[in-house]
Amino acid sequence: ESLTAVLFFFPCRCHHCPHLPTRPYKKNEKPCMLSEYMERYPLYPITVPRGSFKPKEAYKMAQTPMEGISTTKRDYIAHEVLPQKLKPPEKHDKSDKSMDLTSTYKQDYNSYPISQVPPCLPCVTRHIPSTKMDTRTTYEDDYVLWNEPKTEPIRPNDRFHPSEEKFDHRTIVQDDYLYRGPVATQSCKPLNLVQKTKGPFENITNYRMNYVPHPLQKCYVHKNEKYKVNEVPFDGLTTHKVSYKGMVGEPARLAKPYQLKLLHDLPFSSTTEFQEKFQAWPRPPVFTKKPDIYLPPLEKMDLHTTTQVHYKHPNGKPAKMCQSLAHLKKSTEPFNSSSIMKEDYKPWLCKRLKPITHAPELTFPAKPMDSLTTFQTHYVPHPLTVVKSYKPGWSGPNHHTLLDAKTTYATSYTPKGLVRCLASYKDPPGYIFEGADADGHKLYLPASKSECLQGGH
C-alpha cells in the first residue's frame, strides 16, 4: 500500500513571511506577502496568476545564410499569361411578333368613369327688409356736449427771487468746530511688577533622562543560491504533437436529400387565384341630382353704403387757420444777448485755499519702549485654590453587604492558554523537514504521516 505524501509549509501567522524567493531566474528583493489572513481570505477575482517557471530563452540567430526563396515563390510558380480572347457579340435579329403589354394590374383593376359629386348644402333664402336702418348709436343720444367756458388752472405764483446779499463761502464746520491744539494725555499703562530671573535655563527634559539610545542589530540578509544547469536534454515535443496524430479520414458526405425534377409540358395559365375567387359584383347606377336653373333677381342692387347715406356734408368747406399772423417788424437795433442767468449768476474770482496744517507738538519720551503686552502685565499667575465641594451627603440607608464579583463573563468565559505559532520555531515539534520551494518556504511533513509512509513503502 502506498500513501500520498502531504507537505505543509508554515508562513508566519502574525506577520508577513520574512523569507526571500530562491528562484533561479527571477531575482526580487521584495519580501513574500503571504500571511495567515491572505491564506484564509484570498482575493479570488483580483488574484494574478503565478508566473511560469519555464526559463526564457533568448533568440539565437542562425549562422547559415538566409535563402532568398520564400514559400510563395516555391509553391506558386509563375505561368505564362496569354492575352484574353474576346467573344464577338451576336447580331440582334428583330422578331415579327408583337409584345404582350398586358399585366395583372390592367386585367383586374379596371378604370371607371369619374362623376362630379353635387354639393350637399341646403338652399338658404335671405329676407331683405325694405325699412331703413336706424344708424344712430347710444353714445350720440346719451353723451351730449355741454356749452361751458373753459376753466383756468389754479396755479400758485411760486416764482424764484434770488437774494441780493452776497454769499459768504463759509461752512458750519468752519464756524462751530474750532481747532484747540493738541491735548497732553496721561498713560494708564500699569507698572511691570514681574521680575525676570537671571539664572541659566535648564535644558534637561524627561525624554533626555528616561529614553536611552540602544544599539541597532544587523539586518538579516538572505544569500541567493547559485543556479545549476539541468543535465537532461530538452525534447521539443508538445502535448499536441504527442496526443494528436494526423489520421487519414473519409471525406464528408452531402446530407442534402435527393429531389426529383418534375418536367411539365403544359402551358402557363394566365388566370390567377384572385381572378377565380374574387369576382366583380354588379354595381348599381350612380344617383345624380340635376342642378337648379339660376334665375336672376328682378330688383336692382343698392350700391350705396352706410357711410354714403348717413354721413353727408352738404355745405362742406375746408377748415381755416385760426392762428393770427403776427406782423413782425425788422428792428435796426443790435441783438441783446444778455439773460437772467448771465446777470444773476456771475463768475467769482476765487482763489484756491491751502489746507491749514499745524506743526506737530507731541513730545516723545526719552526712555526706551518696553515690549510688554497687557496680558503679561495684568494676568499674573496665582496659586491654585482648593474648592470646597458643596455636594449634599447621602441620606439613605447604608448597605454593608459586599458586592458579588461573579458575572456571566467570569463564569462562562474561562481564560485559555496562548498557543505559540509554529512558524516561530526554528524546527517545529512534531514535524520533519522535507525541503524548500522556489519562494523560500520551508516544507514540513507531520511525523505520524512520515512513519506511515516509511512503513507502507
Rough spin-label spacing in nm, given labels placed 7 Å along Cα→Cβ, for I293 and T138
5.1 nm
Once all protein chains are kept in place, Y345 shows an accessible area at probe 1.4 Å, nearest 10 Å², of 140 Å²
Once label points are set 7 Å from the Cα along Cα→Cβ at both H358 and D404, what is their separation, rounded to one decimal in nm?
9.2 nm
Across bins of 10 angstrom width beginning at 0, how are the C-alpha pair distances of region 334-390 distributed, in whole percent?
12, 13, 14, 12, 10, 9, 11, 8, 7, 3, 2
Where the Cα atoms of region 149-308 are projected onto their three principal axes, how long is each span, largest first, in whole Å?
142, 138, 27
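Pop out the carbon and sulfur fraction of the accessible area of region 180-293 as a percent, whole number, probe 1.4 Å.
Values: 8620 of 14420 Å².
Answer for region 180-293 is 60 percent, counting heavy atoms of protein chains only.
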I'd like to check one number: the per residue accessible area of region 118-260, probe 1.4 Å, reported in Å² as a whole number.
127 Å²
Using a/c under 1.5 as the rounded threshold, could you call region 60-176 rounded, prolate or oblate? The axes a ≥ b ≥ c are square roots of the C-alpha gyration tensor eigenvalues, and prolate needs a/b larger than b/c, oblate otherwise.
oblate
Here the net charge surrounding Q116, from other residues whose Cβ is less than 15 Å away from its Cβ (Lys, Arg +1; Asp, Glu -1), is +2
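Calculate how large, on average over all directions, the projected area of the Cα convex hull of region 88-236 is; give the answer in nm² to one decimal. List each step's numbers first, then the result.
Values: hull surface 325.6 nm².
For region 88-236, the mean projected area of the Cα convex hull comes to 81.4 nm².
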Amide H neighbours of I432 under 5 Å, at least 5 residues apart or on other chains, H built in the peptide plane: list them.
L445, A447
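By how many nm would the segment from T238 to D108 lengthen if fully extended, with 0.36 nm per residue of separation less the alpha-carbon distance?
Working: separation 130, 0.36 × 130 = 46.80 nm, distance 7.57 nm.
Roughly 39.2 nm would be gained on extension.
The values are calculated or read from the model by the stated rules, or taken from the named source; none is laboratory data. Not measured: the values here are computed from a predicted model. With ideal geometry, Cβ positions are generated from the backbone for all residues, glycine too; neighbour counts draw on all protein chains shown. These accessible areas exclude ligands, DNA and RNA; they are computed on the full protein's heavy atoms, side chains included. Shrake-Rupley method; radii C 1.70, N 1.55, O 1.52, S 1.80 Å.
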